[in-house]
Amino acid sequence: MMLVMAAWIHDIDPVAIGPVRWYGLSYVLGFILAWLLMRRVTRVGISPIEPAQVTDLVLWLGVGVLLGGRLGYALLYQPELFIEFSGELPFWGLLAIHRGGMASHGGMIGCAVAALLFARRTGVNRFFLLDLMAFAAPLGLAGGRVANFINGELIGREAPDGLPWAVKFPQEMRDWDDAHLAELYAALPPAWQVNERLDHWSLSAVQAMVQRGQPDVIAVVEPMLIARHPSQLYAALLEGLVVFAVLAFVWRRPRVPGLVVSLFAIVYGIGRIVGEMFRRPDPHLLDAEFALLDITRGQWLSALLVAVGVWGLWYVHRRGASPLGGWRAVASNKAR
């Protein structure tokens, strides 16, 4: 990255190597970490699931998060994807995951459904599986938010002057009006004027020039960008690392099944509500996002998630059950 005018200009290439993008790698890494963590905790403590079953469970959860995340994004944020078709692979907008567009709340629902179906198929305690899923999820969520940062998506709100870690995202250009785009075009060096009208593809070319570190293009684009909060990194901390730390502390001792997933819903929901204060709402939802009390759609959904978590705490306390989980190895740790 390059430090300019007290703000970093985002010049990270979202492509890791060849056709592989960092975003896709983050999902792979998230599932690997989930698999390793699940294998570990099913070998110690009191666990109703065998370590050998973890691979199958992770595959089920992988399908759940992909289906739930994509369907949730389309339903909640961009329903036109259901009827959007093009002449390029994969033809249907709903399948174009490589362009971004996964809803974390939808992914959670997809994972929960997958865990419940796996429990029904195997006879494993369903509340323990939900706990296991919730315990393994935050590290993957943190990686996904870092990938959002690398992609320059879900950018933050305008940062106060002098914020030392503020970032200028060239991806912001996609939301500029025609007058702003005309100003950009007129200021570009003649060698880089790719089109008389900076449409989507032309803006992609300008963005690629910034990511390749073209100094003459950066010199034009950088002063036109707004210094913003790196809200994706805030989310990685609040929705990922903080949640994982809380759940790891709770997991250290056996406890009533369902407690961990309930705490996940509460802590994640609160972290998301706080993080959304620094994240810019999606431009195509701007009016709808602030239609009531200046609360974003993500905050409304997270408030609902917190309420579900509070209900879960009450339910598992009322239900009562033999404790499961824990870090300490025991002689016989398999319980139904």
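Of note:
- With respect to the conditions (1) modelled with pLDDT under 90; (2) acidic (Asp, Glu); (3) in a helix (DSSP H, G or I), Glu88 falls short on a single one, namely (3).
- All positions within the stretch 237-261 that are touching a helix residue (DSSP H, G or I) at 6+ places or on another chain (Cβ under 8 Å) and open to solvent by 10 Å² or more (accessible area, probe 1.4 Å): Leu237, Leu238, Leu241, Val242, Phe244, Val246, Ala248, Val250, Val256, Leu259, Val261
- None of Leu67, Leu57, Leu89 is farther than 30 Å from Ala219 by Cβ, surrounded by fewer than 18 Cβ atoms within 10 Å (Cβ to Cβ) and touching a residue at least 40 places away in the same chain (Cβ under 8 Å) except Leu67.
- Per the listing Val316, Val306, the residue uniquely modelled with pLDDT of 95 or more and not in a loop (DSSP other than H, G, I, E, B) is Val306.
- Test for Ile32: is it buried (at least 17 other Cβ atoms within 10 Å of the Cβ) and under 25 Å from Phe244 (Cβ atoms): no
- Exactly one residue among Ile49, Ile12 is in a loop (DSSP other than H, G, I, E, B), open to solvent by less than 70 Å² (accessible area, probe 1.4 Å) and within 30 Å of Gly320 (Cβ to Cβ), and that residue is Ile49.
Per-residue answers, yes or no, for (1) out of contact with any Ser or Thr (no Cβ under 9 Å at 6 or more places or on another chain); (2) within 26 Å of Pro51 (Cα to Cα):
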site	(1), (2)
Met102	yes, no
Gly110	yes, yes
Phe118	yes, yes
Phe128	no, yes
Gly140	no, yes
Arg145	no, no
Gly152	yes, no
Ala159	yes, no
Leu163	yes, no
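- Scanning the stretch 141-149 for any residue that is more than 19 Å from Val15 (Cα to Cα) and open to solvent by 20 Å² or more (accessible area, probe 1.4 Å) turns up at least one such residue.
- The combined condition, being farther than 30 Å from Tyr315 by Cβ and either free of Cβ contacts under 8 Å to residues at least 40 places away in the same chain or small (Gly, Ala, Ser) (or both), is fulfilled by Gly143.
- Residues considered: Ala166, Ala147, Ala134, Ala103. Of these, the only one that is under 17 Å from Gly275 (Cβ atoms), at pLDDT 95 or above and within 21 Å of the chain's Cα centre (by Cα) is Ala166.
- Test for Gln78: is it modelled with pLDDT of 90 or more, among the polar types (S, T, N, Q), open to solvent by 10 Å² or more (accessible area, probe 1.4 Å) and out of contact with any Asp or Glu (no Cβ under 7 Å at 6 or more places or on another chain): no
- Any chance Gly62 is open to solvent by less than 60 Å² (accessible area, probe 1.4 Å), within 19 Å of the chain's Cα centre (by Cα) and at pLDDT 90 or above: yes
The values are calculated or read from the model by the stated rules, or taken from the named source; none is laboratory data. The structure presented is a predicted model; accordingly, all values stated were derived computationally and were not measured. Cβ: placed from backbone, ideal geometry, glycine included. Neighbour counts: every protein chain shown. Protein only, heavy atoms only, side chains kept; ligands, DNA and RNA dropped before computing areas. Shrake-Rupley method; radii C 1.70, N 1.55, O 1.52, S 1.80 Å.
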